[in-house]
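S.K.: Sharing a structure below in structure tokens format, with a few things to ask.
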Amino acid sequence: MRHLFGAVVILLTAAILSADTFAADLRAGRAKAQAVCQTCHGLDGRSSIAGSPNLSGQNEDYIIIQLKAYRAGKRQHPQMSIIAQALSDDDIDNVAKWYSSIRITVELPE
């Protein structure tokens with residue numbers, strides 16, 4: 001019985017820690033997006049500049065891959081190449097989590 005109780009405690013602790021980590025990633029992603037990305041992509045992920053993509057609801061892995069490609073010089077853009085250089089792996093993961101977590105709706109024309 002003690003082993004079962006111990007296993008439940010461990011599982012609950014892991015679930016709580018995972019929830020805290022997820023929230024921290026979103027908070028850090030929002031803060032970084034507000035400081036670095038908002039001017040072109042908006043805090044809500046809706047672009048305010050022609051040629052800048054909307055990021056809200058974008059696939060998290062896609063955002064990570066593209067930001068790392070800019071940082072590595074595999075993808076080129078006058079502003080993004082510079083901005084990505086200043087982003088750590090954690091920054092990239094957090095920003096990707098932030099923008100991918102924004103829910104969007106789509107309405108098809110009739």
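Here, each number is a calculation from the coordinates, and none is a lab measurement. None of these values were measured; they are calculated from a predicted model. Here the Cβ positions follow ideal geometry from the backbone for every residue, glycine too, while neighbour counts run over all protein chains shown.
S.K.: Using the per-residue mean of other Cβ atoms lying within 10 Å as a proxy for protection, in what order, highest first, do the peptides 44-54, 90-100 fall?
M.R.: On the way: 44-54: 12.8, 90-100: 21.1.
Peptide ranking by packing, descending: 90-100, 44-54.
S.K.: What net charge do the residues around residue 83 carry, taking every other residue with its C-beta under 13 Å from that of residue 83, with Lys and Arg at +1 and Asp and Glu at -1? Mind dumping the intermediate values first?
M.R.: Values: positive: 32, 68, 71, 75; negative: 91.
Result for the local shell: +3.
S.K.: What does the extension gain come out to for residue 104 and residue 60, with contour length at 0.36 nm per residue minus their alpha carbon separation? All intermediate terms of the calculation are to be shown ahead of the outcome.
M.R.: Details: separation 44, 0.36 × 44 = 15.84 nm, distance 1.42 nm.
14.4 nm is the gain from fully extending residue 104 to residue 60.
S.K.: Also, quick follow-up: Please report Rg (one decimal) and Dmax (integer) in Å for the Cα set of the range 47-110.
M.R.: Just the Cα atoms of the range 47-110 yield Rg and Dmax of 13.1, 45 Å.
S.K.: Follow-up question, since we're still on this one. When the chain is fully extended, how far beyond the present Cα-Cα distance does residue 48 get from residue 35, taking 0.36 nm per residue of separation? Please list the in-between numbers first.
M.R.: On the way: separation 13, 0.36 × 13 = 4.68 nm, distance 1.54 nm.
Computed gain between residue 48 and residue 35 is 3.1 nm.
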